[in-house]
Amino acid sequence: MNDFHTQLQKYAELIIKIGLNVQKNDEITISIAIDQVEFAHLLIEQAYLAGARNVIMQWQDDQKRRLDLTYQSEKELAQIKPYREDLQLYIANNRVKRLSVLSSDPDVLIGIDPRKIAATQKLNSSGTQAVKTATENNLLSWTVVAAASPAWAKKVFPNENKQTGTMHLWQAIFAATRIDNADPVAAWQIQKQKLITKAAMLNQYQFDRLHYLAPGTDLTIGLPKHHVWEAAGATNEHGDEFIPNMPTEEVFTAPDANRIDGHIRATKPLSYAGTILTGISFTFKNGRVVKADADQGLSTLKHLLKTDAGASRLGEVALVPDLSPISQSGLTFFNTLFDENASNHLALGAAYPFSVAGGTEMNQLQLQVAGLNVSQIHVDFMVGSAKMAIDGITTNDEVVPIFRNGDWV
Ligand code: ZN
Ligand code: ZN
């Protein structure tokens, strides 16, 4: 138990110092579930020790969310209240550093009307829009991490009791975030450097397109001119470094939203909006999904694709070796933060503007002209496996192997 407390403490410290990189006089906001109060207090204390002047809490409550979705009308759900709008505007305008701690039960919204879920996912207000823009453009620092909860652990370790399952999930989180290391901060610096080197190499090639081949998959993904591969670290508008996702194993860019053709099969279940989608496959033509299938959750998937015009196009292409520590754990986490860092993935919906040179200075129309997808949604799905091969193809049709048997060449 003592050992666990020490690890939790190290985790909180790593998140605040390396993830969010809290500086003197920063204001930060933490979004975390009400049943993670012990961990929340550690994070708050680390933030103050790092010099934060204020911590704004945004407590999350899965059961309240479920009750709201059950009893509120679609119209009520689609509205944002002025007091929430004000908080969002405050966070965006004051560049408050954002920490999100994920621990939800992946099944929390099972059985809820997909139309109601779609209504809340589509919530569009100037406040949420401002936070979204400030986050996507890295104007403010933001970090997403995870915490183990009994309900989530039940999904990952169905045969274990509540307590051992939760402890196992915590251990898996600690392993994936390198907390087991004698010096997690140093281990993170090494990992960051490794990923940055891969990204620099891909940026030099400036491939015209990528070709994915695997069982159930034969897909060509065009890349926009002047695309930028990014990895691990980011820098906010004041020059403070931060790490958006912990764990992170990916190197990613944006595809050309109009040049994706062929078919692809997902290799892991997708936890989306409180439901689990399995056996997903897509056929693309000129960048758009023309056929979608799923063994479970097909109606949720169809609603998702209809969210807006960009929801049926891709906004992210990410490379993750099948040998990543998360992949090697052999676990399916039913949580995108972990599963996407175990596997090559793609995302339906919005591209990150920084994925193309000068993108953060562009408006939506200019981004679209540059080939980047624009949408309210961004949903990652996993396609990687030990059987995947990826080639980079240059504008002169020169073929360069990038991945073989699920790993970097
Ligand atoms: Zn990604
Ligand atoms: Zn993504």
task = Indicate the helices, whole DSSP H runs only, in the chain that combine a mean Kyte-Doolittle hydropathy of -0.5 or more with a Cα extent along their long axis of 27 angstrom or more.
result = 184-205
message = Please give me the summed charge of the neighbours of Thr307: other residues whose Cβ is under 12 Å from its Cβ, Lys and Arg +1, Asp and Glu -1.
response = +4
query = Is the shape of the range 184-408 rounded, prolate or oblate, going by the alpha carbon gyration tensor and its root eigenvalues a ≥ b ≥ c, with a/c under 1.5 for rounded and a/b larger than b/c for prolate?
reply = rounded
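Take the alpha carbon gyration tensor of the chain, find the square roots of its eigenvalues, order them as a ≥ b ≥ c, and report rounded if a/c is under 1.5; if not, report prolate when a/b exceeds b/c, else oblate.
Cα axes put the chain in the rounded bin.
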query = Among the trypsin sites (Lys or Arg not before Pro) within the range 28-92, which fall in a DSSP loop and have no more than 15 other Cβ atoms within 10 Å of their own Cβ?
reply = Arg53
key: Selection from Val145, Ile91, Tyr71, by position along the positive dipole direction of the range 2-176 (Cβ)   = Ile91
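For the chain, what is the accessible area per residue in Å², given a 1.4 Å probe and the full set of protein chains?
Per residue, the chain has an accessible area of 44 Å².
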request  = Tell me the GluC sites (Glu not before Pro) within the range 309-409 that lie in a loop according to DSSP and have at most 13 other beta-carbon atoms within 10 Å.
outcome  = Glu398
ask   = Considering only protein heavy atoms and a 1.4 Å probe, what is the carbon-and-sulfur percentage of the accessible area of the chain?
value = 51
Heavy-atom SASA rank of Leu337, Leu323 (probe 1.4 Å, accessible area, largest first) = Leu323, Leu337
ask   = What shape does the range 1-96 have by the C-alpha gyration tensor, where a ≥ b ≥ c are the square roots of the eigenvalues, rounded means a/c under 1.5, and otherwise prolate means a/b greater than b/c and oblate the rest?
value = oblate
ask   = If one computes the Cα centroid of the range 88-164 and of the range 204-229, what distance in Å separates the two points?
value = 29
ask   = Among the lysines, which fall within straight-line cross-link reach of Lys162, defined as a Cα-Cα distance under 28 Å, with same-chain neighbours fewer than 8 residues apart omitted?
value = Lys10, Lys64, Lys154, Lys268
remark   = Short to long, in 10 Å steps from zero, the percent of alpha-carbon pairs of the range 2-176 per bin is 9, 32, 35, 21, 3
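The values are calculated or read from the model by the stated rules, or taken from the named source; none is laboratory data. Only a predicted model underlies this, so the values are computations on that prediction, with no experimental measurement involved. Virtual Cβ from ideal backbone geometry, glycine too; neighbours counted across all protein chains shown. Heads up: the accessible areas ignore ligands, DNA and RNA and are worked out on the full protein's heavy atoms, side chains in. Shrake-Rupley method; radii C 1.70, N 1.55, O 1.52, S 1.80 Å.
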